[in-house]
1. Need a quick list: helices (runs of 4 or more DSSP H) entirely within the stretch 316-434 having at least 2 residues that are farther than 29 Å from Arg448 by Cβ and in contact (Cβ under 8 Å) with a residue 60 or more places away in the chain.
2. Among the residues of the stretch 281-333 satisfying the criterion of being at pLDDT 90 or above and under 17 Å from Val543 (Cα atoms), which is surrounded by the most Cβ atoms within 10 Å (Cβ to Cβ)?
3. Among the residues of the stretch 189-221, count how many are under 15 Å from Ser373 (Cβ atoms) and of a type in the set (Asp, Glu).
4. Can you tell which of Ala230, Ala242, Ala220, Ala254 is touching a helix residue (DSSP H, G or I) at 6+ places or on another chain (Cβ under 8 Å) and at pLDDT below 90?
5. What single numbered condition from (1) within 25 Å of Pro233 (Cα to Cα); (2) surrounded by fewer than 23 Cβ atoms within 10 Å (Cβ to Cβ) fails to hold for Ala107?
6. Given the criteria aliphatic (A, V, I, L, M), assigned by TED's automatic domain parsing to the domain that holds Ile229 and free of Cβ contacts under 8 Å to residues at least 12 places away in the same chain, does Ala274 qualify?
7. If you go through the stretch 467-480 one residue at a time, do you hit one that is over 23 Å from Gln538 (Cα atoms), among the charged types (D, E, K, R), over 15 Å from the mean Cα position of the chain (by Cα) and not in a helix (DSSP H, G or I)?
Amino acid sequence: MIHTDLLAWPSAGAGTEVLDGAGAPATDSRLEASTAVESPVGASAADSRLEPMPHENEAVLDVAGLSVTYPGAAAPAISDVDLRFAPGETLAIVGESGSGKSTTAAALTGLLPAGTRVEAATHSHLGEDLTSAKPRTWQRILGTGIAYVPQDAGAGLNPVRTIASALSETLAVNGYAKPQIRPRITEVLSAVGLDFELHGRRHPHELSGGQRQRVLIANAIAARPSLIIADEPTSALDATVAKQVLDVLSSLVAGSQTALVLITHDLGVAKERAAKLLVMQAGRIVEAGPTDRVLAEPRHAYTRSLLAAAPHLGWGRLRPNSGTAVPDPTGTEAVLAGRGLVRDFGGDRPAVNGLDIALRKGATVGIVGESGSGKTTSARILLGADRADAGEITLHGKPVGRYRRKDLGRRIRYVHQDSSAALDPHYSVERILTEPLRGHRIGTRADRPARVRELLDSVALEHSLLTRTPRELSGGQRQRLAIARALAVDPEVIILDEPVSALDVGVQAQILQLLVDLQARLGVAYLFISHDLAVIEQIADDVIVMKDGLAVESGPTARVLHESRHHYTRALIDAVPCFDDSAVRTIAADSGNTAGTAAHTSTTTDSTATAVEPTEPTGANHA
């Protein structure tokens, strides 16, 4: 059983209504023993009750003909999904937002809303039939049998509990004795790069986004499950920490025969970490096979489009589609600037220590660095959401203190890393986009609906989504909605904190191109925070590399990324997962697109995301 304080249970209901049969399956004591946790730290070797029983001839998970239909949906979110993998095997699932990846993960773990219709010819874990599993069965299996790492760290952590307290209860309900709990917490936190004394006593809001994601991974591996399903486990992490976390997951698979499912939009991660690759589109598997073969010789047009949209270091800066750009920002007066910025929360060092930054009209400054390096704190200071202990911030040369707060709120907008936390869950899409217009008295009541539809068009969202709430959108759709909300009031500066980290490569490319086009047309200045160096290369004119609150290197993006002068920057670059992109170049040559990308169509069939996105070039205009 997994502790639901740490991994939030779906609000619509903990169980899944499975219609293939009635009643929970009979419990097999042999199977119960097989899914028990391995011997925790300090356990006696004689305590065989805690030792996992190998199932060499039995699949960890065997699924055939899996289909899922959400309540009220006209069509299934996923159809005819077949999966089978053995102990110690790693499978990666890739596909665009709304393709059914996360729905598949939720179905495999029983974490679907009540009333969802699930049909499967076969669904078993270590031989135990789950086709008619009830909530009680899933509660027993989750934790020691199957562990789930959700994409949304904000929704997966209890905000009123410390990290150590939450992990402690997770271990307690999974059979760990009190003397074993603290050593095991220390072990799993250390494995994901966190410290028991420093981070264990903190609450989720006191951790960075990347640190929160690592806590979820620590929770998943705590009880040594036989299967881990990780839904975008590194989407919020910088390259070095992502590598560390993936190393932990890989070593767990290699050392304990735990099977791993990686749901990711990062094809480099899939290439480096998974032996098998499964590609999903519109709720169906369109291609599957050995990862090396699928990436080198993709047989399906959709797989080829994903490869073509995947960013690579060396592609250079994106150019606007329109062909019209603002004047060269070199030498232009800074719109928003900070000098000598310091923020100290206590502890052994300031969170930000002496940062100098200048955002100019029509230009983008990128900030990269490890989780906890000070990137988001710097952004919050520039936004006015947090104070600086030292230093000065100016807007058009005047101290920001001379501006009214409401005026600053219109001139400087922020796109949050966690879109689900930034959007009111009770508001419709239309109300979310109308509120900033009303708040800043932009347009008349009669004019605003047209402006809202214009904003949806600008971020490739269908008008049919107007009545939906954020929870009825896919992760990628929520993030695009957040970007549209920031654009609503025509700001001078937009601060974007990991705005594309949760998006698949196709939609990511659309959003980056959108941002470039808007900047060329409006002259807006961007501060773009990302852990993805390939994304930074595409979007940023200049980049600042931060470590432990300090800017260790800065300058033009091309120079910093390709002629780095600092060992830390080189370490970030070396940690970037990559794969041979010869297939991408071949596709580009065949399509006549020398930029190395291809047009694509994204069709979402999830009941929470039924819009059809328009076909358009994605990232095709590289300098």
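The values are calculated or read from the model by the stated rules, or taken from the named source; none is laboratory data. Fair warning: this is a prediction, and the values are worked out from it, not measured in the lab. So basically every Cβ, Gly included, is an ideal-geometry build from the backbone, and we count neighbours across all protein chains shown.
1. 375-383
2. Leu318
3. Residues flagged as under 15 Å from Ser373 (Cβ atoms) and of a type in the set (Asp, Glu) within the stretch 189-221 amount to 0.
4. Ala242
5. Exception for Ala107: condition (2).
6. Taking the combined requirement at face value, the residue does not satisfy it.
7. Scanning the stretch 467-480, I find at least one residue that is over 23 Å from Gln538 (Cα atoms), among the charged types (D, E, K, R), over 15 Å from the mean Cα position of the chain (by Cα) and not in a helix (DSSP H, G or I), so the answer is yes.
Every residue, every condition in (1) modelled with pLDDT under 60; (2) buried (at least 22 other Cβ atoms within 10 Å of the Cβ); (3) in contact with a strand residue (DSSP E or B) (Cβ under 7 Å, 6 or more places away or on another chain), yes or no:
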| residue | (1), (2), (3) |
| --- | --- |
| Glu537 | no, yes, no |
| Val545 | no, yes, yes |
| His567 | no, no, no |
| Val576 | no, no, no |
| Val584 | yes, yes, no |
| Asp590 | yes, no, no |
| Ala598 | yes, yes, no |
